[in-house]
Amino acid sequence: MRTALDKLRSAWRRHPTVVTVAGAVVVAAGLCVALAGDRAEFAAAFGAAPIWILLVAGALQVIWLGVRSETWQVCVAGAAGRRSRRRRCCS
């Protein structure tokens with residue numbers, strides 16, 4: 001008899017896009033709830049930050065995402081992995 005956890009894991013493997021979107025929605029909702037009371041303070045802080053700092057922070061996030069992706073690919077290839085970047089590693 002399969003446990004509830006096994007069923008949940010199976011659903012995650014069958015529907016990875018749905019899980020990703022649901023996770024993003026939960027995080028966005030959490031941020032909205034956390035910042036709801038401090039909206040004016042958040043807007044003031046965001047407006048006070050120089051645009052170049054915001055652009056540099058965004059660029060660093062994009063660069064780091066690329067570095068992590070390439071590092072993962074090197075690790076998988078080093079372990080004699082044969083999966084492409086688009087497939088998930090399911091055991």
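Checked against the criteria, Arg39 counts as modelled with pLDDT of 80 or more and surrounded by 10 or more Cβ atoms within 10 Å (Cβ to Cβ). Suppose we filter segment 50-91 for residues that are at pLDDT 90 or above and of a type in the set (D, E, K, R); how many remain? Counting residues in segment 50-91 that are at pLDDT 90 or above and of a type in the set (D, E, K, R) gives 0. Listed by first and then second residue, the pairs linking a residue in segment 16-30 that is in contact (Cβ under 8 Å) with a residue 60 or more places away in the chain to a residue that is exposed (fewer than 11 other Cβ atoms within 10 Å of the Cβ), with Cβ atoms under 7 Å apart and 6 or more places separating them unless they lie on different chains, are Pro16/Arg88.
The values are calculated or read from the model by the stated rules, or taken from the named source; none is laboratory data. These numbers were taken from a predicted model, which means no experiment stands behind them. All Cβ positions, glycine included, derive from the backbone under ideal geometry; neighbour counts span all protein chains shown.
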